[in-house]
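Okay, structure first, notes after.
The values are calculated or read from the model by the stated rules, or taken from the named source; none is laboratory data. Predicted model, so just to flag it, every value in this text is computed and none were measured. Every residue, glycine among them, receives a Cβ derived from its backbone with ideal geometry; neighbour counts consider all protein chains shown. Note: accessible area is taken over every heavy atom of the protein model, side chains too, but ligands, DNA and RNA are not part of it. Shrake-Rupley method; radii C 1.70, N 1.55, O 1.52, S 1.80 Å.
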Amino acid sequence: MAILRIQNLTKEYSTGFLGKRFRALNNLNLEVEEGEIFGFLGPNGAGKTTTIKMLLRIIFPTSGTAWLLDKELGEAPDIHKIGYMPENPYFYRFLTGQEFLMFYARLSGMSSGEARKKVDELLEIVGLTYARKTRLSDYSKGMVTRVGLAQSLITNPSLLLLDEPMSGLDPIGRREIRDLIHQLKEERKTIFFCSHILADIEMLCDRIAILNKGELIKLGTVREILSSQSPDYIISLEGLSEAALEEIKGMNIKKYEVIGGFHHFTAPSQEDAQRIAQRAMADQGRIIELRPERGTLEDYFIREVGTRE
Amino acid sequence: MNKIFTIALNTYKEAVRNKIFYIIAVFALVLLAFSLVLATLALGEDDRIIKHVGLSAISIFGLLMATFVGVNLVYEELDKRTIYTIVASGVRRYEFLVGKFLGLFLTVVANVLLMSVLLCLLIMVWPDSSITATLILAVYLFLFEMLVVSALAILFSSFSTPVLSAVLTFMCWVIGHMSEDLLEWSKRLYEQGATAFSGMLKFIYYLLPNLEVFNLKNQVIYQEDIGHVFHHLFLYPLYAIFYSGILLIIAIVSFARRDFK
C-alpha cells in the first residue's frame, strides 16, 4: 500500500525585483510503499527540501497534490503519524536537550508524565542522556542532528521524513544513525529520506528517486539503476612481454595501471576484455583476475547529473 | 489550547533567558533608584518625583520590552527555521501566532509587575509617600496598553523585518498617545476648509489605537480626579482586548498562506 503518493507536484517561486518565475519542482510523480526506506537523491537545489516542505504545508504547491497516509494535502493530516527532521536543524538554542524534546512532546498533546518517559527513552536511543541538561547552544553539530532525530520520533510516527539526517556526523555517528534507521525499518516504519551522501543511500535504501533541477530523472531500486548500465571489465595480468604489453595498450581500454607488479586493464566491454585475455595467453602471460565491475551509485549519479549540467 | 499555552510558555522562557530581558530590567532598576536621588534634591516634591520617575520608567521599559522582544519573535522563528518543526508537529499557524503573542504579553507583564513591586517598595520606605488606588489602577491600565503594543509588534513582525517592525510599532505608540490631539487638529482643519487633510487625520484617529486612555500618570502624580472608575476598570480594558484581537486576526490572515522559505 502506498503510504505517500505525490501527483504532478509543482512549485514556482517569484524571484528578483520583477518577480521572474523560477520553477523549483516540476510535475513530480512518485509513490512510497509502506515499510520501505526511500532515498530522495539530488544535488543542492534539486528540489528535495522543497518537496518535503510542501508535504508538510510549510510551503504551498503551485499545482499538483499529494496524499500522506491517505490524507490529501489541505485535509487535516494525522500529524501524529508523521515525523520530520529538517536539514541543518536550527532548534531553540536556549533550551536544554531534555526541555527541547519535552516541548515537542507537549505540543503533540502528551501529558507531562508521558512526555517525560518518552523523552528519557529517546535520549537513551540517540545516546544523549549524558547531555540532557546541556543547552542546545553548547551541542556539537552531530549532537544537534541526533536530538533532531529524537524530536522526529516523539510521536512514534509510521512515516518519517528525514532531510539530510547524516549531515555533520562523524563516521561513528553516521553508523549509529544508519543502525537506528535499520531498526526503525524493522518496526515497519516508512522512511523517506533526502541525502546527497550516496554511500549511505546505497547502503540503506530499498528504492531511490534521483532529482535534478526540479525534474525526476530516475526512479527504481539501487540494483535496477546500477544494472541498467553496462559494467566495465577488470583484467589483471603478469608475465607479459614488452611487445604484448604495447599491443594491449593499443587496444580499446579505459585505464591501465601497474599495481604490485601486476598489469591492470579496465576494458569497456566483455569482448574487449576477452581480446586482451587472448593476446595475453598467446604471449604465455598469466591471467590473475578477470571480473566485471559495476559502478557505484556515486559513479552513476555523477555521470547522470553531470551530463545534464 | 494546550498547544497555544505550550508555545506561550516556551516564548516566555526564551525571552527571560535572553540577555535583553536582564539589560532592560537592570536599566529600570537604576532609573528607579535614581528617582530616590532626585526626590532628596526636590524638597517637598519628593512623592511626586518618585511616582513620576517610577511610572515613566515602567512605561518606557515596558514599551521597549514589548517592542524589541516582540518584533524579533516571529522573524527569528522564520529566519532560523525553527518554525518548520513546529508546523510539522501539527501546530496550526494561528495557534503559533496566538501562542507567540501570549508568550510576549506574559513576558511584558512579568517585567512590568516586577518594576511595579519595586516602585511600591520604594514608596513604602519613603517617609512622605504612600501607595494610592490610582497608582494601582495606572499600572493595571498600563498592562492593557502593553497588550495593544504586543499585538502591534506581532502583527508587524508577521510580515516585515525586525527594524521596520520596531519603527512601525513605535510610530503607532507615539501617534496612539496623540489621538485626542489628532481629532482636535482634524476639527480645526475642517473649520478652515482643509477637508481632505482633516478627513485623513480623522481616518488615522479611528484606525490607530487611542493609547492615551490607558495613561493615568498625571492623575497619580497630581492626585487629579480620574473620572468614571467603570471606564478604567472595564471599558478601556475591553477596548484593548477588542483592538488586540483585531490586530491578531489580521496577522493570522496574512500568515495563513505564507510560504516559509
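Where the only charges are on Cβ atoms (+1 Lys, Arg; -1 Asp, Glu), what is the dipole of the protein assembly as shown about its Cα centre, to the nearest 20 debye?
My answer is approximately 520 debye.
Residues in region B:197-213 carry Karplus couplings, in order, of 5, 4, x, 5, 5, 5, 4, 4, 4, 6, 6, 8, x, 8, 7, 5, 5 Hz; the curve used is 6.51 cos²θ - 1.76 cosθ + 1.60 with θ = phi - 60°, and Gly or Pro positions show x. Put the Cα centre of region A:223-263 next to the Cα centre of region A:6-49 and the gap is 41 Å.
Once B and A are treated as a pair rather than alone, how much accessible area drops out, both sides summed, in Å² to 100, probe 1.4 Å? Before the final figure, lay out each step's value.
Numbers: alone 13940 and 15780 Å², together 27100 Å².
For B against A, buried area totals roughly 2600 Å².
Remark: spin-label model distance A:Arg93-A:Arg23 equals 3.9 nm, labels positioned 7 Å along the Cα→Cβ axis. Between B:Phe34 and B:Ile250, the contour length at 0.36 nm per residue exceeds the alpha carbon distance by 73.6 nm. Rounded to the nearest Hz, the phi-derived 3J(HN,Hα) couplings of region B:139-147 under the Karplus curve 6.51 cos²θ - 1.76 cosθ + 1.60 (θ = phi - 60°) are 5, 4, 5, 4, 4, 6, 4, 5, 4, where x marks glycine and proline. A simple spin-label model places the labels of A:Gln278 and A:Ser241 1.9 nm from each other, with each point 7 Å out along Cα-to-Cβ.
Find out how many positive minus negative residues lie around A:Phe262, taking Lys and Arg as positive, Asp and Glu as negative, among other residues whose Cβ is under 12 Å from that of A:Phe262. With Lys, Arg at +1 and Asp, Glu at -1, the neighbours total -2. Applying 1/(1 + (r/R0)^6) with r as the Cβ-Cβ distance of A:Glu124 and B:Val117 and R0 = 60 angstrom yields a FRET efficiency of 0.85. Here the accessible area is traced with a 1.4 Å probe on the protein chains. For the protein assembly as shown, carbon and sulfur cover 58 percent of it. Under 5 Å between amide hydrogens, built in the peptide plane, is the criterion, and for A:Leu211 it picks out A:Leu41, A:Gly42, A:Ile217 among residues at least 5 positions away or on other chains. Largest GNM mean-square fluctuation across A:Gly142, A:Gly250, A:Gly127, computed for chain A with C-alpha springs under 10 Å, falls on A:Gly250.
Estimated from the Cβ-Cβ distance and a Förster radius of 30 angstrom, the FRET efficiency linking B:Ile241 and B:Phe203 is about 0.80. Amide hydrogen proximity for A:Thr221: with H placed 1.01 Å from N in the peptide plane, the residues at 5 or more positions away or on another chain lying under 5 Å are A:Ile208. Helix B:2-16 versus the longest principal axis of chain B: what is the Cα-based angle in degrees, 0 to 90, to the nearest 10? Approximately 60 degrees, to the nearest ten. Looking at region B:168-261, the GluC sites (Glu not before Pro) that sit in a DSSP loop and have at most 12 other Cβ atoms within 10 Å of their own Cβ are B:Glu224.
Solvent-accessible surface of chain A, taken per residue with a 1.4 Å probe and all protein chains present: 47 Å².
Per-residue mean of foreign Cβ neighbours for A:144-155 is 1 (Cβ atoms of other chains, 10 Å radius). When the C-alpha to C-alpha distance is required to be over 32 Å, the pairs from A:Lys20/A:Lys53; A:Lys20/A:Lys81; A:Lys71/B:Lys13; A:Lys117/A:Lys213; A:Lys185/A:Lys213 that qualify are A:Lys20/A:Lys81; A:Lys71/B:Lys13; A:Lys117/A:Lys213.
Within region B:224-261, the residues that become at least 50 Å² less accessible when every protein chain is included than when their own chain is isolated (1.4 Å probe; DNA, RNA and ligands ignored) are B:Arg257, B:Asp259, B:Lys261. Close amide H contacts of A:Tyr233 (hydrogens built in the peptide plane, cut-off under 5 Å, sequence separation of 5 or more or a different chain): A:Ala267, A:Ser269, A:Glu293. For chain A, modelled as a Gaussian network with Cα springs under 10 Å, which listed residue fluctuates most, A:Gly97, A:Gly285, A:Gly148? Top of the fluctuation ranking is A:Gly285. Applying the Karplus relation 6.51 cos²θ - 1.76 cosθ + 1.60 with θ = phi - 60° to region A:291-296 yields 3J(HN,Hα) values of 8, x, 10, 7, x, 7 Hz, where x marks Gly and Pro. From the alpha carbon centroid of region B:8-34 to that of region B:174-233 is 31 Å.
Give me a single rounded figure for B:88-96: the average over its residues of other chain Cβ atoms within 10 Å of their Cβ. If you can, show how the numbers build up before the last one.
Working: counts 17, 16, 11, 4, 2, 1, 0, 1, 0.
Mean shielding count: 6.
By DSSP, the beta bridges lying fully in the protein assembly as shown are antiparallel in about 70 percent of cases.
Tell me, how many Å apart are the Cα centres for region A:114-182 and for region B:36-58? The distance from the Cα centre of region A:114-182 to that of region B:36-58 comes to 56 Å. For the peptides B:118-124, A:207-213, A:262-268, the ranking by packing is A:207-213, A:262-268, B:118-124, with the highest mean count of neighbouring Cβ atoms within 10 Å listed first.
Report, as an integer, the average count of C-beta atoms from other chains found within 10 Å of each Cβ along B:11-19. Taking all residues of B:11-19 together, the mean is 2.
Once R0 is set to 41 Å, what does the formula 1/(1 + (r/R0)^6) return for the Cβ-Cβ distance between B:Leu41 and B:Leu164, expressed as a FRET efficiency to the nearest 0.05?
Values: r = 41 Å, r/R0 = 1.01.
In this case the efficiency is close to 0.50.
Taking B:Ala42, B:Ala251, B:Ala57 in turn, the Gaussian network model of chain B (Cα-Cα springs below 10 Å) assigns the largest fluctuation to B:Ala42.
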